[in-house]
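These notes are about the structure you will find just below.
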Amino acid sequence: MEKQNPSGGCLCGKVRYQLLAPAKVVEHCHCSQCRRAHGALYASGGLFNTPDVKIMAGKNNLTRYESSAGNWREFCTTCGCHLFMTVDQFPDEIYVWVASLDEGAHPGHPADKDMHVFTDSKAAWETLPPGNHFETLPPDSGIGKN
Ligand SMILES: [Zn+2]
Ligand SMILES: [Zn+2]
């Protein structure tokens, strides 16, 4: 039996995607922009090579917002669910907000590539979950480094 690619999508279901490879890294980002974009204490971004993320439905229903120079956050125009982030400087890679995977599926990244980043920007009342913590971005991981 063929193994199915993990799939995910937005809250209303108009935008659907499939992952053709495991995430290289997952960064749980506590920065103020991710907190505001997601309305949550942190957002979990899985890093993929762009061709490994296949948008199956709703590509035209995505809106992009440039939250800082060259950083584009893409979300469903109908329900506002954030799904992707791209960085102009690194056009071959894409972040998927992997909590949007169906059934809460694991994005496939190795355990040592799971990290909490920008912890120095976390909300004052947040108690960090256990794991690898970095005050900003780890020097040897993340976008453009894999
Ligand atoms: Zn939607
Ligand atoms: Zn962030």
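Among strands (runs of 3 or more DSSP E) lying entirely in the stretch 4-49, which contain 3 or more residues that are away from ligand 2 (no atom under 16 Å from the Cβ)?
Filter on the stretch 4-49 gives 7-9, 16-19.
Within the stretch 92-102, does at least one residue satisfy the condition of being aliphatic (A, V, I, L, M) and more than 18 Å from S141 (Cα to Cα)?
The answer is yes, given that some residue of the stretch 92-102 is aliphatic (A, V, I, L, M) and more than 18 Å from S141 (Cα to Cα).
So, restricting to strands (runs of 3 or more DSSP E) that lie completely within the stretch 63-146, which ones have at least 2 residues that are of a type in the set (F, W, Y), surrounded by 11 or more Cβ atoms within 10 Å (Cβ to Cβ) and touching a Leu at 6+ places or on another chain (Cβ under 8 Å)?
Working: elements: 71-76, 82-87, 93-97, 114-117.
Once the strands (runs of 3 or more DSSP E) in the stretch 63-146 are filtered for at least 2 residues that are of a type in the set (F, W, Y), surrounded by 11 or more Cβ atoms within 10 Å (Cβ to Cβ) and touching a Leu at 6+ places or on another chain (Cβ under 8 Å), what remains is 93-97.
Looking at A57 and the list (1) touching a residue at least 12 places away in the same chain (Cβ under 8 Å); (2) away from ligand 1 (no atom under 16 Å from the Cβ), which single condition is not satisfied?
Unmet for A57, out of (1) touching a residue at least 12 places away in the same chain (Cβ under 8 Å); (2) away from ligand 1 (no atom under 16 Å from the Cβ): (2).
Would you check which residues across the stretch 60-113 are among the aromatic types (F, W, Y) and either more than 16 Å from ligand 1 (Cβ to nearest atom) or over 24 Å from G131 (Cα atoms) (or both) and list them?
Y65, W72, F75, F90, Y95
Pairs, please: C-beta under 7 Å, at least 6 apart or cross-chain, first residue on the phi > 0 side of the Ramachandran plot and of a type in the set (A, V, I, L, M, F, W, C) and in the stretch 114-127, second within 14 Å of ligand 2 (Cβ to nearest atom) and part of a strand (DSSP E or B)?
Final answer for the pair search is F118/C29.
Within 15 Å of ligand 1 (Cβ to nearest atom), free of Cβ contacts under 8 Å to residues at least 24 places away in the same chain and at negative phi - does that describe any residue in the stretch 29-42?
So far as the stretch 29-42 goes, no, none of its residues is within 15 Å of ligand 1 (Cβ to nearest atom), free of Cβ contacts under 8 Å to residues at least 24 places away in the same chain and at negative phi.
Restricting attention to the stretch 13-28, report how many residues are surrounded by fewer than 17 Cβ atoms within 10 Å (Cβ to Cβ) and within 16 Å of ligand 1 (Cβ to nearest atom).
1
Each value in this text was obtained by applying a stated rule to the coordinates, not by laboratory testing. No experiment lies behind these values; they were computed from the predicted model shown. Cβ: placed from backbone, ideal geometry, glycine included. Neighbour counts: every protein chain shown.
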